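Colleague: Please see the structure below; I have some questions.
The values are calculated or read from the model by the stated rules, or taken from the named source; none is laboratory data. Please read these numbers as outputs of a predicted model, since none were measured by experiment. No Cβ is skipped: glycine too gets one built from the backbone with ideal geometry, and neighbour counts run over all protein chains shown. What goes into the accessible areas is simple: the full protein's heavy atoms, side chains included, and nothing from ligands, DNA or RNA. Shrake-Rupley method; radii C 1.70, N 1.55, O 1.52, S 1.80 Å.
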Number of protein chains: 2
Amino acid sequence: MALQNHLSTAIASSSSAFLAPSNLGSSRASNASVPAKKTGAVRCVAVPHEEKTTYKTKVSRNANMAKLQAGYLFPEIARRKATHLQKYPDAKVISLGIGDTTEPIPDVITSGMAKRSYALSTLEGYSGYGAEQGEKPLRAAIASTFYRDLGIGEEDIFVSDGAKCDISRLQVAFGSHVTMAVQDPSYPAYVDSSVIMGQTGLFQEDIGKYAKIEYMKCTPENGFFPDLSTVARTDIIFFCSPNNPTGSAATREQLKRLVKFAKDNGSIIVYDSAYALYVSDDNPRSIFEIPGAKEVALETSSFSKYAGFTGVRLGWTVVPKELLFSDGFPVAKDFSRIVCTCFNGASNIAQAGGLACLSPEGLSAMREVIGFYKENTEIIMDTFSSLGFKVYGGKNAPYVWVHFPGRSSWDVFSEILEKTHVVTTPGSGFGPGGEGFVRVSAFGHRDNILEACRRFKQLYK
Amino acid sequence: MALQNHLSTAIASSSSAFLAPSNLGSSRASNASVPAKKTGAVRCVAVPHEEKTTYKTKVSRNANMAKLQAGYLFPEIARRKATHLQKYPDAKVISLGIGDTTEPIPDVITSGMAKRSYALSTLEGYSGYGAEQGEKPLRAAIASTFYRDLGIGEEDIFVSDGAKCDISRLQVAFGSHVTMAVQDPSYPAYVDSSVIMGQTGLFQEDIGKYAKIEYMKCTPENGFFPDLSTVARTDIIFFCSPNNPTGSAATREQLKRLVKFAKDNGSIIVYDSAYALYVSDDNPRSIFEIPGAKEVALETSSFSKYAGFTGVRLGWTVVPKELLFSDGFPVAKDFSRIVCTCFNGASNIAQAGGLACLSPEGLSAMREVIGFYKENTEIIMDTFSSLGFKVYGGKNAPYVWVHFPGRSSWDVFSEILEKTHVVTTPGSGFGPGGEGFVRVSAFGHRDNILEACRRFKQLYK
């Protein structure tokens, strides 16, 4: 058609003018009121000069951002690893640090994602914006696989691009006025997102804590479950079980006490069950196994550590319709509004992967992967035990929590990195309660785990 | 190995206990201190009863969430469409409303994503956590494709799961103390995210505006570019060009005035260029074409409307290292901290798709898709023009902005839906400045566009 040709040409020329850098420069120059050369001179000066720029806006920096200590823990670990590699360019560095998965994703799952990708090139298979809360079949599969018999329906499931992202969206929904409790040690995203939202005071160097956060100490002495009789009432209680970093899983009795504690205080529990499938014994895999939990808890979880989705990005959060703010407004309604306004749903391809994970073949494939990592865990635990260290966790989680009494976590981290070229994570990075411990991740290829353990034995024999 | 077998069995049994709902119930019951039947009775009561629960937590609802008016615009449109379908179950409803893409994604792009999916099942091709800011090759390709000769480097590019998500992350980085200006009408995510972060006052029913937001009126009278002499100074200025919903693109001269205005006031421009590739004339495709913009502006963009990635989820934000807060702290450093703490990077499969989009074949495939939608736009514009309506936009954007002088946008929306079964978007949904207008999206299959135009001609002939 004439129209079609006419327009196609128009687009082709205009877009190519935009997209082809060579044409771009000239086309822009020809339309810039300043001469092309000058534009070039102004726009393309070398970086050193750029950094000398003295112009500042009049926008003051967010004071909450300024409260944050150093960088986020895991990028910090990555930086130290990079520095080490510069120092020892030939070192065979093994990373048991940030808890990143290493094993290939089972075919049955990647095939599901590849098929969805190809389908997006067909009229029947194409899909654009999905429901921000996730595709109905996936929400239903998550509800029936993980929460059947627990009174959780697909409408309570919010599919996301990961538990970490949902934690921040929950903080945005809660706002800056709420108070917060965390296990000490705990996954740093809870505290950092709380600081960013302005829920806390300043960082107190002397005790290594932020003001206005309740740190619930979890140590070998209390079996890594806080003494609730000493915990102050807060609006929100972050609780992760099986725990990152200590690797310990709370028992049914302990979780009943936690739910009662929340109910007595009118608190909301944000329960992180991202490692639930690593539980080997009869400890609960979901907070919703505890009677009454739906009125005081929501739960966030992830495919990352089950299917190797750390890069694919897929998780979910359960917000029961029974969970209400003090005025009776459902927490789920505000969270849904946040999901609709600040998020646009997880990638449809990742969601197809999630659906494949929950097929019978996908579930047994995930069990295989989890089983492999649990074997790694046992190898690491045996190694440190044989060296006379007190080791915790491991049984119900992919993390081994090794005690170095009286020593600084960062010193031990550096010693291990310097002498064995193995990256771990310093326990104090998870809070002052982690001081004296190092977290060793079981995510790694088997030969790397075995080699790392050989090196540990040489260093600490 | 014995170890392997031993553990595999352990996992299989424990996991199957978790994953198989039937076993689950019993295994849980056997470990619950309350009798199984009672647990069942308590946990599995029917939903009606559950909803009668009167327990409320003592956590007060976020007052900022309570300020939000109704639902987010586009889910609201979807609800009205669903209601209409219930009323007319046999109606062939055509949606030109929420601006969702409809054409299949070109093979060259989906193949790239499928290949990446399959590769995740191989040792060499597997990848876990990526850099939160995006994969280096994609950051480099975005910089060289869209910003070459503009002094923007790959280190200034932050890859994301979409511009909408980045807008909220930017708001979290800015915090609650900043003041905000938006075009009126404008994409609702700017205002709603500002309300959620507590940057605004209450909604003022009488004028349809939130207190403390500066609404920059954009009408046919001022050529859809605000009269900056009447605009109050704010910290942040959201500016979208080509504009959603009006479809108008700012000229180079206008953007120079905007940059000067920001510089004079020490403001930061958040420039939304999600429709830049729809520009047919010589208007700028990036704010960074304007000399000096890097010191006062950042830019957010997306693959959604170029490659049909509304469901795949991939975008980016450019935060130049030259952009500084009043204390000299780089905005990019705080944004990077937010990206590391509240986000974990876009899906690696979506990023492979983005890289395919920016290959020579991908670029020409995107041009084809954009050209197709621009033909749709011309058909819609011709239709309303022939009916005697004043139509705006279209030329540089996939949106046609139709004027219905003296009428309520929602009334016109309802009239069109009721009488033609075509879903549009009421202009007032984008702000009070949109009252009396309706936005017609050009995203649709050709036959649907032609059929919708036939129905418009019948209704308004």
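Colleague: Among B:209, A:164, what's the order by accessible area (1.4 angstrom probe), most exposed first?
Modeller: Values: B:209 60, A:164 10 Å².
Ranked from most to least accessible, the order is B:209, A:164.
Colleague: In percent, how large is the relative contact order of chain B, given Cα pairs closer than 8 Å and 6 or more residues apart? Working shown, then result.
Modeller: Values: 784 pairs, mean separation 91.1, N = 461.
Relative CO of chain B lands at 20 percent.
Colleague: In debye, nearest 20: dipole of chain A around its Cα centre with unit charges on the Cβ of K, R (+) and D, E (-)? Don't skip to the end; give the middle numbers.
Modeller: On the way: 49 positive and 46 negative charges, 297 e Å.
That gives a dipole near 1420 debye.
Colleague: Given the rule -39500 (n - 2.57) for each run of at least 4 DSSP H residues, summed and divided by the residues of the protein assembly as shown, what is its mean residue ellipticity at 222 nm, to the nearest 500 deg cm²/dmol?
Modeller: Details: 34 runs with 402 residues, N = 922.
Calculated from helices alone, the mean residue ellipticity at 222 nm is -13500 deg cm²/dmol.
Colleague: Ok, one more. Suppose a student asked you for the relative contact order of region B:107-362, using Cα pairs under 8 Å spaced at least 6 residues apart; what percent would you report? Kindly include the intermediate steps, with their values, before the conclusion.
Modeller: Numbers: 448 pairs, mean separation 68.5, N = 256.
Relative contact order comes out at 27 percent.
Colleague: Between region A:351-418 and region B:340-381, what is the C-alpha centre distance in whole Å?
Modeller: 39 Å
Colleague: Going by the alpha-carbon gyration tensor, a ≥ b ≥ c the square roots of its eigenvalues, is region B:339-420 rounded (a/c under 1.5) or, if a/c is not under 1.5, prolate (a/b greater than b/c) versus oblate? Walk me through the numbers before you get to the answer.
Modeller: Values: a/c = 3.48, a/b = 1.81, b/c = 1.92.
Oblate, because a/c is 1.5 or more while a/b does not exceed b/c.
Colleague: If one takes the longest principal axis of the Cα atoms in chain A, at what angle in degrees, from 0 to 90 and to the nearest 10, does the Cα axis of helix A:331-342 lie?
Modeller: 30 degrees
Colleague: Further question: Given Cβ point charges of +1 (Lys, Arg) and -1 (Asp, Glu) and nothing else, what value in debye, to the nearest 20, does the dipole of the protein assembly as shown about its Cα centre take? Mind dumping the intermediate values first?
Modeller: On the way: 98 positive and 92 negative charges, 91 e Å.
Result for the protein assembly as shown is approximately 440 debye, rounded to the nearest 20.
Colleague: Same structure, new question: What distance in nm lies between label points placed 7 Å from Cα along the C-beta direction at residue B:206 and residue A:364?
Modeller: The answer from the label model is 7.1 nm.
Colleague: While we're looking at this one, here's another question. Which lysines, if any, have their Cα less than 22 Å from the Cα of residue B:461, not counting same-chain residues under 8 positions apart?
Modeller: Here the lysines satisfying the reach criterion relative to residue B:461 are B:92, B:390, B:419.
Colleague: Right, here's the next one. Using alpha carbons only, how many degrees (0 to 90, rounded to 10) separate the axis of helix A:2-19 from the longest principal axis of chain A?
Modeller: The two axes meet at around 60 degrees.
Colleague: Next up: Taking the Cα centre as origin and putting +1 on Lys and Arg beta-carbons and -1 on Asp and Glu beta-carbons, what dipole magnitude results for region A:107-362, to the nearest 20 debye?
Modeller: On the way: 23 positive and 30 negative charges, 47 e Å.
For region A:107-362, the charge dipole is close to 220 debye.
Colleague: If you average the C-alpha positions of region B:61-127 and of region A:422-461 separately, how far apart do those two centres end up, in angstrom?
Modeller: Going from one Cα centre to the other spans 43 Å.
Colleague: Compute the relative contact order of region A:382-461 as a whole-number percentage, counting only Cα pairs closer than 8 Å that sit 6 or more residues apart in sequence.
Modeller: Working: 116 pairs, mean separation 24.2, N = 80.
Normalised by residue count, the contact order of region A:382-461 is 30 percent.
Colleague: Can you give the convex hull volume of the alpha carbon atoms of chain B per residue, in Å³?
Modeller: On the way: hull volume 98.9 nm³, N = 461.
It is 214 Å³ per residue.
Colleague: What are the extents of the Cα atoms of region B:171-302 along their three principal axes, in Å, largest first?
Modeller: Reported extents, whole Å, longest axis first: 41, 31, 30.
Colleague: Next up: Identify the GluC sites (Glu not before Pro) of region A:148-254 meeting these criteria: DSSP loop state and at most 14 other C-beta atoms within 10 Å of the C-beta.
Modeller: Working: sites: A:154, A:155, A:205, A:214, A:221, A:253; in loops: A:205.
In loop regions of region A:148-254 (DSSP not H, G, I, E or B), the sparsely surrounded GluC sites (Glu not before Pro) are A:205.
Colleague: While we're here: Over region A:107-362, consider all pairs of different Cα atoms and compute the Kirkwood hydrodynamic radius from their mean reciprocal separation; express it in Å, one decimal. It would help to have the intermediate numbers written out before the result.
Modeller: Details: mean 1/r = 0.0531 Å⁻¹.
Result for region A:107-362, one decimal place: 18.8 Å.
Colleague: Would you report the distance distribution of C-alpha pairs in the protein assembly as shown as whole percents per 20 angstrom bin, up to the bin with the largest distance?
Modeller: 14, 47, 33, 7, 0
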